[in-house]
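The values are calculated or read from the model by the stated rules, or taken from the named source; none is laboratory data. For clarity, every value in this text was computed on a predicted model and none was experimentally measured. Here the Cβ is made from the backbone with ideal geometry for all residues, glycine too, and neighbour counts use every protein chain on show. Keep in mind that these areas ignore ligands, DNA and RNA; they rest on the heavy atoms of the full protein, side chains included. Shrake-Rupley method; radii C 1.70, N 1.55, O 1.52, S 1.80 Å.
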Amino acid sequence: MAITVRADVIDGVQPPDVTNAIWPKLQSIRASLEPAYRIEIGGAIEESEKGNASIFVLFPVMVIAMLTLLMFQLQSLSRLVLVFLTAPLGIIGASLGLNVANQPFGFVALLGLIALAGMIMRNAVILVDQIESDVGLGMRRRDAIVEATVRRARPVVLTALAAILAMIPLSRSAFWGPMAITIMGGLFVATFLTLLFLPSLYALWYRKRLEERGAGRDEMSIGSERATPSAPAPLAVAAE
């Protein structure tokens, strides 16, 4: 036999907050129950816990697959670490957005946070790849950090703004609203933090190699010309 108790909450209060406030007060009742009797939490919190458990089972596989793809793209362990360190930047804006919108952090918001980490690392990959490309063209690493950040700032910001605006209609949904707000708030703050934090971290990481230059196109072309044997000069034949 099961007895289900249901209740609604007043406006401005989230169900998880009410449950967390009531659950400790039921401790004396739970302790006095006869064997085989128990009190369990149901509803949205129960479903959220089930969803979180399913995510945590696949989370290690997801991280390994993500790191593998980043390694193929960046071809460097140090650059992989730099990009991966930008993923937590979304937590700042996501928490601010959820608090301002008065939305709970549940299963749907967790999905948004995972998607947000991928968006942030994508912007970091674009920026790091541009820096390495400029260094490969013969630019000093110090100058490449500044030039690549300035050059990539506009497309990164516009891409983030497009994603944020696309989430506005979804933010009004009762179910998907926390996910949309998590992505909107996290991406807004993390985009600007990435443009400031990543170049600084990159310069700190390569502080001993800031003055080095890569092999530019001109140097590579000269080197290839020197390596190529010259063709023998044609013999002049005098006409009689």
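Tallying residues that are of a type in the set (Ser, Thr, Tyr) and within 20 Å of residue 125 (Cα to Cα) within region 148-190 yields 2. Tell me which residues, restricted to region 133-155, are among the charged types (D, E, K, R) and open to solvent by less than 20 Å² (accessible area, probe 1.4 Å). 134, 141 - these are the residues of region 133-155 that are among the charged types (D, E, K, R) and open to solvent by less than 20 Å² (accessible area, probe 1.4 Å).
The C-beta contact set for region 14-27 (first residue within 23 Å of residue 175 (Cβ to Cβ) and open to solvent by less than 60 Å² (accessible area, probe 1.4 Å), second residue hydroxyl-bearing (Ser, Thr, Tyr) and assigned to a helix (DSSP H, G or I), distance under 9 angstrom, 6+ apart or interchain) comprises 16/48. May I ask you to list the residues in region 60-92 that are open to solvent by 90 Å² or more (accessible area, probe 1.4 Å) and hydrophobic (A, V, I, L, M, F, W, C)? Of everything in region 60-92, those that are open to solvent by 90 Å² or more (accessible area, probe 1.4 Å) and hydrophobic (A, V, I, L, M, F, W, C) turn out to be 61, 64, 69, 72, 77, 91. Considering only region 135-154, I want to know if a residue exists there that is out of contact with any Asp or Glu (no Cβ under 8 Å at 6 or more places or on another chain), of a type in the set (S, T, N, Q) and without any contact (Cβ under 8 Å) to a residue 24 or more places away in the chain. Looking through region 135-154, none of the residues is out of contact with any Asp or Glu (no Cβ under 8 Å at 6 or more places or on another chain), of a type in the set (S, T, N, Q) and without any contact (Cβ under 8 Å) to a residue 24 or more places away in the chain. Taken over region 101-113, the residue count meeting the criterion of being part of a helix (DSSP H, G or I) and crowded, with 17+ Cβ neighbours inside 10 Å is 7.
The helices (runs of 4 or more DSSP H) found entirely in region 1-100 that carry 2 or more residues being over 16 Å from the mean Cα position of the chain (by Cα) and hydroxyl-bearing (Ser, Thr, Tyr) are 44-74.
Counting the residues of region 16-44 that are under 21 Å from residue 103 (Cα atoms) and either modelled with pLDDT under 70 or among the small types (Gly, Ala, Ser) (or both) gives 4.
Beta carbons closer than 9 Å, at least 6 apart along the sequence or on distinct chains, pair a first residue in region 83-99 that is within 23 Å of residue 69 (Cβ to Cβ) with a second that is of a type in the set (S, T, N, Q) and open to solvent by 80 Å² or more (accessible area, probe 1.4 Å) for 83/73.
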